[in-house]
Structure formats: C-alpha cells, structure tokens
Amino acid sequence: MDLRELYQEVILDHNKRPRNFRVPDPVNRRAEGYNPLCGDKITVFLYVEGDVIKDLGFQGTGCAISKASASMMTDVLKGKTLEDANRFFDQFHDMVTAPATAEVKSDHLGKLAVLSGVREYPMRVKCASLAWHTMKAAMQAENNVVSTE
C-alpha cells in the first residue's frame, strides 16, 4: 500500500469513527476553532493537571480531513505534557506546511505522519491544522475563537 492509499484509508477511518469525539469530564480548558473557507467548526476540550494533559476531546462539524486530524491529535496528546504537546504542534505544522516536494522528517510523529499527504492539497492544509491551532489556544487557556484565516 502506498502512502496516498494509506492517507485516504486513515482519513476515512478517523472520519467515520473519530476517537475522543466527546466532552471530557472534567474540563478546565477549551477553545473554539473555525475555518471559514471550508466551514469546519471545532471545539477542543482539555483537562490539564499540573503540566499534563490528562484528558482531551473535541466536538464539532467539518470535512473528513479536519475530523481525522482532530481525532488523531487527541489520540496522540492524551497523557503528554504541555511542552510535549507544543513540540508535536510545531512538528506537525512544519510537516503539513512544507512544500510538497520537500523531504520532511516525520518519523517522530508516528501515525500522524500519514497526514503529510495533505501537503499535496494546499487548500486542505488549513483543514488538517485547525484542530491543532485550536488545541494550542486551549492549552494557553484562551477562550477565544481561533480562525484559520
């Protein structure tokens, strides 16, 4: 199976069966995100204790890429420190915004590396990164609406 097929399969799986598509209980941080270009709307909920993300979830509506990215993000970040989550954000953002021809080291991202395929569709990069920008705002305890525009 080539990367493009894997990309499509993973997107479809996480879109049909999103992980952590819920409001955790308790929650002590949250942020809303909106992508006016695509119409994606997402709310990311965090429960942070000390500097560790003990639980997180998301709710909202969006395209398959947006929902899959949010689902994969919540899977990866549960139990991580805020510092680790920031590191993942930076690495993920670098991966999806790099030119399609650039070689990107994504081995440290694990399963998230499959989303590198979004680089081939520049209009979809904002879809893939919306949940991440919203999560970053939630980590900073900002209760603002995040927009990809």
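Each reported figure results from applying straightforward, stated rules to the coordinates on display, with no laboratory input. Keep in mind that what you see is a predicted model, and the values were worked out from it rather than measured.
Computed from Cα positions, the angle between helix 82-97 and the longest principal axis of the chain comes to roughly 30 degrees. On C-alpha positions alone, give me the angle between the axis of helix 125-139 and the longest principal axis of the chain, in degrees, nearest 10. Compared with the principal axis, the helix lies near 20 degrees. Calculated mean residue ellipticity, 222 nm, the chain: -13000 deg cm²/dmol, from DSSP H runs (n ≥ 4) at -39500 (n - 2.57) each, averaged per residue and rounded to 500. The long axis of helix 64-77 is offset from the longest Cα principal axis of the chain by roughly 60 degrees. Residue separation of Glu9 and Met123 scaled by 0.36 nm, minus their Cα-Cα distance, works out to 39.1 nm of gained length.
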